[in-house]
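Single-structure report; data block below.
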Amino acid sequence: MNTMTYKGQTARIDFDDADGIFMGRLVGISDVVGFHADNVRELRAAFEEAVDDYLETCAKIGKVPQKPASGKLMLRVPPELHRAALIAAESAGTSLNQWAAKVLGEAARGAQA
């Protein structure tokens, strides 16, 4: 996964071969914030400018900027998976929350590799 992070905001980066440009969009929020550039150096500058503009605009209109995550996650899984996760957590000597955070962290890091 190609991402950039700045001031707590993360953007997904894609390359548009037809137009020969890099494009980015903030992820994890419902507000649409995008940017583009011809090369990586300009892309970094455009990303930082887009984030700064988003934060300034929110401040001007009195809106709290959206954050990509609150730290709370609710999942609905089949009962069999829930049971297996509980057993795995107890076997590891941790709470289900701690176990799930570890497993999700490992999976997220693997997805970024």
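The values are calculated or read from the model by the stated rules, or taken from the named source; none is laboratory data. Given the structure is predicted, the values throughout are model-derived calculations rather than measurements. Every residue, glycine among them, receives a Cβ derived from its backbone with ideal geometry; neighbour counts consider all protein chains shown.
Being acidic (Asp, Glu) and more than 18 Å from Lys7 (Cβ to Cβ) is a property that does not hold for Glu56.
Can you tell me which residue within the range 30-50, out of those that are under 17 Å from Asn2 (Cα atoms) and among the β-branched types (Val, Ile, Thr), is surrounded by the most Cβ atoms within 10 Å (Cβ to Cβ)?
The extreme case among them is Val33.
Being aliphatic (A, V, I, L, M) and either touching a Leu at 6+ places or on another chain (Cβ under 6 Å) or surrounded by 11 or more Cβ atoms within 10 Å (Cβ to Cβ) (or both), is that true of even one residue in the range 54-62?
Yes.
Any residue at all in the range 72-80 that's part of a helix (DSSP H, G or I), surrounded by 11 or more Cβ atoms within 10 Å (Cβ to Cβ) and free of Cβ contacts under 8 Å to residues at least 12 places away in the same chain? No.
Screening Ile13 on (1) β-branched (Val, Ile, Thr); (2) at pLDDT below 95; (3) not in a helix (DSSP H, G or I) shows it passes everything except condition (2). Within the range 53-63, not a single residue is of a type in the set (S, T, N, Q) and either outside any helix (DSSP H, G or I) or more than 30 Å from Gly20 (Cβ to Cβ) (or both).
For the range 25-67, give me each residue that is small (Gly, Ala, Ser) and under 21 Å from Asp14 (Cβ atoms).
Gly28, Ser30, Gly34, Ala37, Ala45, Ala46, Ala50
Note on the range 18-52: among residues that are without any contact (Cβ under 8 Å) to a residue 24 or more places away in the chain and in a strand (DSSP E or B), the one that is nearest to Ala69 (Cα to Cα) is Arg25.
The one condition from (1) assigned to a helix (DSSP H, G or I); (2) at pLDDT 95 or above; (3) of a type in the set (Val, Ile, Thr) that Ile87 does not meet is (2). Answer yes or no: is there a residue in the range 100-107 that is acidic (Asp, Glu) and surrounded by fewer than 10 Cβ atoms within 10 Å (Cβ to Cβ). No, because not a single residue in the range 100-107 is acidic (Asp, Glu) and surrounded by fewer than 10 Cβ atoms within 10 Å (Cβ to Cβ). When the range 1-10 is examined, which residues are found to be among the polar types (S, T, N, Q) and assigned to a strand (DSSP E or B)? Result: Thr3, Thr5, Gln9, Thr10.
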